[in-house]
1. How large is the charge dipole for the stretch 20-200, taken about the Cα centre, if only the Cβ atoms of Lys, Arg (+1) and Asp, Glu (-1) carry charge, to the nearest 20 debye?
2. Would you work out the relative contact order for the chain, in percent, from Cα pairs under 8 angstrom that are 6 or more residues apart?
3. Could you tell me which of 102, 126, 191 has its Cα farthest along the dipole of the stretch 20-200 towards the positive end, charges placed at Cβ (Lys, Arg +1; Asp, Glu -1), taken about the Cα centre?
4. Tell me the net charge near residue 80. Cut-off is 10 Å between Cβ atoms, residue 80 excluded, with +1 for each Lys or Arg and -1 for each Asp or Glu.
5. Can you list residues whose amide H is under 5 Å from residue 114's amide H, if they're 5+ apart or on another chain and H is modeled 1.01 Å from N?
6. Excluding residue 20 itself, calculate the net charge of residues whose Cβ lies under 10 Å from the Cβ of residue 20, where each Lys or Arg counts +1 and each Asp or Glu counts -1.
7. For the chain, what does the helix formula give at 222 nm: sum of -39500 (n - 2.57) over DSSP H segments with n ≥ 4, over the residue count, nearest 500 deg cm²/dmol?
8. Using θ = phi - 60° and the Karplus form 6.51 cos²θ - 1.76 cosθ + 1.60, what ³J(HN,Hα) does each residue of the stretch 157-163 get, whole Hz, x for Gly and Pro?
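Every number here is computed from the coordinates shown, using simple stated rules; none is lab data. All values derive from a computational prediction rather than experimental measurement. Cβ placement follows ideal geometry from the backbone for every residue including glycine, while neighbour counts extend to all protein chains displayed.
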Amino acid sequence: MLSPPMKTKRSTTSAATPGSVRIIAGEWRGRKLAVPDLPGLRPTPDRVRETLFNWLMPVSEGARCLDLFAGTGALGLEAASRGAAEVVLVERDRGAAAALRGHVTRLGAGQVRVECADALQWLDQPATSRFDVVFLDPPYGADLLAPAWRRLRDGGWLAPQAYVYAEWPAGQPSPIDLPPWRSGRAGQVAHALYRCLPATVPTGAGA
């Protein structure tokens with residue numbers, strides 16, 4: 001299998017990467033985390049994250065979360081701040097992964113683990129956990145959302161009634177073959193939260 005592009009998130013605009021991301025709410029509310037100066041690194045904007053976590057409010061506390069194309073870690077660390085019991089950040093780029101580990105250390109986030117790995121290859125291993133919430137925000141134009149979704153769905157990575165969040169360029173069809181539970185648009189970015197019915201998730205996954 002050909003290696004996909006760098007897992008930093010590439011914007012469809014030429015806007016510069018912000019120097020930091022801010023945790024919006026929870027234990028680390030207001031904390032700013034430095035964003036490494038890497039080409040195309042694009043954190044999810046504050047207002048989109050706030051909307052997303054309002055949608056997830058009933059399930060955030062105690063959830064097991066996977067941020068599959070972690071980049072800046074804005075989504076996964078926000079989940080940890082809001083009470084997630086376990087967060088796994090998967091990031092291919094070594095520099096970005098090192099920055100994520102630094103954030104975890106500075107925050108004292110013992111429930112967060114960073115995996116420096118190719119996201120699709122990481123999903124090809126036997127599932128060792130079933131996640132309640134999964135964040136999918138890969139580089140635009142890399143065609144990674146659909147194959148990531150199929151591996152999550154078929155590989156036993158999703159808990160019953162799991163939530164899957166995705167971002168992709170507006171104007172393109174949803175890469176996930178489920179009706180969105182909630183959806184929106186911010187500029188040139190479409191985003192949606194999907195709720196997986198029990199029949200969507202194969203049995204036999206690891207506990």
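1. 380 debye
2. Rounded, it is 19 percent for the chain.
3. About the Cα centre, the residue reaching furthest to the positive side is 102.
4. Every neighbour counted, the sum reads -3.
5. 89
6. Surrounding charge for residue 20 is +3.
7. That comes out to -7000 deg cm²/dmol.
8. 8, 9, 6, x, 6, 5, 10
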